[in-house]
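First the structure, in the form of structure tokens, and then the observations on it.
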Amino acid sequence: MGWSFHTEDISRLSSGPLLGEMIEHMKSYKKAKAKDSINKAYLYSAHDTTVTGLLSVLGLFDGHSPPYSSAVLVELYSSDTPG
């Protein structure tokens, strides 16, 4: 079974809420003054269509549905060097 996520609009509609929530969690962590008092990890469980949409909106979708038990890991990176 294949899903069509070839347009930017479809990708945004399918993964916008999930990606938006992930970004908000990252922003909250960045703004938190007491890093020990905020969650440092979030785990999401999703169907293949949601994972496909997320991969598509990130520009990583290869045209094939992800296999069962696939994982996508996103990490917030911090550096002391500006830029």
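Condition check: outside any helix (DSSP H, G or I), in contact with a Phe, Trp or Tyr (Cβ under 9 Å, 6 or more places away or on another chain), among the hydrophobic types (A, V, I, L, M, F, W, C) and at pLDDT 85 or above. Does L60 satisfy that? First the steps, then the outcome.
On the way: outside any helix (DSSP H, G or I): yes; in contact with a Phe, Trp or Tyr (Cβ under 9 Å, 6 or more places away or on another chain): no; among the hydrophobic types (A, V, I, L, M, F, W, C): yes; at pLDDT 85 or above: yes.
In short, no.
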Test: residue in segment 29-49 that is of a type in the set (V, I, T), surrounded by fewer than 14 Cβ atoms within 10 Å (Cβ to Cβ) and either at pLDDT below 85 or in contact with a His (Cβ under 7 Å, 6 or more places away or on another chain) (or both)
yes
Contact list please: Cβ distance under 9 Å, first residue in segment 16-42 and within 15 Å of V72 (Cβ to Cβ), second residue among the acidic types (D, E), pairs at least six apart or on different chains.
Y42/E21
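The values are calculated or read from the model by the stated rules, or taken from the named source; none is laboratory data. The model shown is predicted, which means the values in this text are computed figures rather than measured ones. Note: ideal-geometry Cβ built from the backbone for every residue, glycine included; neighbour counts use all protein chains shown.
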